[in-house]
Amino acid sequence: MKRNELDHYLKKLLNSDSIPDESLNGLQVEGKDEIEKIAFCVSACEECFKKAVKKGADALIVHHGLLWKRNGVEPIKDIFKKRLAILIASQISLFAFHLPLDCHPQLGNNARAALDIGLGNIKPFCEYHGTLIGFKGNFLEPALLKNIIKTLEEYYHHKAILLPFGKEEIKNVGIVSGGAAEEVIQAAEENIDLYVTGEPKESAYYIAKELKMNMACFGHYATETVGVKALKNHIESVLNIATEFIEIKNPF
């Protein structure tokens with residue numbers, strides 16, 4: 001597949017041009033024109049780039065890219081220079097999709113997780129910069145909090161940091177991956193029994209306690225492997241291109 005064709009396909013699939021984001025979504029670093037193998041990883045970093053080279057990838061798709069609008073124009077030096085040099089020397093194209101890969105209704109980090117753990121009546125929730133980035137849903141039958149946490153730990157392959165300040169019997173769950181701990185406020189406003197996110201935050205402890213909310217954190221990285229892997233599987237099956245997920249363990 002041509003590089004520019006892949007860029008167009010991904011932007012259309014993830015509706016990235018319509019979603020306000022700090023990430024520069026789409027093609028961030030231009031590599032070779034023809035793409036025969038695509039690697040996938042959660043975050044752009046030196047280790048990821050070196051592994052992509054070893055695996056013979058022509059392109060790399062990540063959730064957290066190199067280029068963000070908040071950075072503005074900065075000198076290309078130090079860590080950034082080393083990372084960029086690997087991509088340029090190997091002619092690997094780098095694509096990044098941040099919020100579009102959080103809020104996608106089939107492939108996103110949150111909708112995919114909601115589907116996988118058996119929620120029904122799944123709907124978007126949790127507004128962030130004008131976009132609903134999370135998803136919520138109901139269980140057919142209420143379940144005990146401890147049982148749901150066990151299921152989620154097995155799903156994310158990550159031990160929960162649990163704040164059990166709400167109901168013991170859970171009827172509905174809201175999921176917002178990554179660093180969205182304080183969005184427990186929005187979950188409480190929508191009468192959600194269990195709020196699931198990635199990265200814990202000190203201030204969220206008091207918020208959850210005062211709101212009498214159940215909140216569980218499963219790691220920023222772990223909760224955001226979901227969408228990357230879902231996109232990988234989609235690309236491989238629909239576009240018939242070889243793909244590979246690059247695992248870089250991160251406890252946070």
Which of (1) at positive phi; (2) assigned by TED's automatic domain parsing to the domain that holds Glu36 does Cys126 not meet, given it meets every other one?
(2)
Can you find a residue that is free of Cβ contacts under 8 Å to residues at least 24 places away in the same chain and more than 18 Å from the chain's Cα centre (by Cα) anywhere in the stretch 185-196?
yes
Cβ-Cβ under 8 Å, sequence separation 6+ or interchain: first residue in the stretch 81-109 and of a type in the set (Asp, Glu), partner in a strand (DSSP E or B). Which pairs?
Asp102/Ile133; Asp102/Gly134; Asp102/Val176
Counting only residues in the stretch 3-46 that are in a helix (DSSP H, G or I) and among the small types (Gly, Ala, Ser), the one farthest from the chain's Cα centre (by Cα) is identified as Ser18
Of the residues Phe49, Phe80, Phe139, Phe95, which single one is within 24 Å of Lys32 (Cα to Cα) and in a strand (DSSP E or B)?
Phe95
If you go through the stretch 7-48, how many residues are out of contact with any Cys (no Cβ under 9 Å at 6 or more places or on another chain), closer than 20 Å to Leu87 by Cβ and among the hydrophobic types (A, V, I, L, M, F, W, C)?
9
Give Gly166, Gly134, Gly174, Gly198 a once-over and let me know the one that is of a type outside the set (S, T, N, Q) and under 21 Å from Asn250 (Cβ atoms).
Gly198
From Leu87, Leu67, Leu115, Leu60, grab the single residue that is surrounded by 20 or more Cβ atoms within 10 Å (Cβ to Cβ) and closer than 24 Å to Ile133 by Cα.
Leu60
Residues of the stretch 113-163 classified as closer than 27 Å to Pro20 by Cβ and not hydrophobic (A, V, I, L, M, F, W, C), total:
10
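The values are calculated or read from the model by the stated rules, or taken from the named source; none is laboratory data. In this text, all values refer to a predicted model and were calculated from it rather than measured experimentally. In this analysis, Cβ positions are derived from the backbone assuming ideal geometry, glycine residues included, and neighbour counts consider all displayed protein chains.
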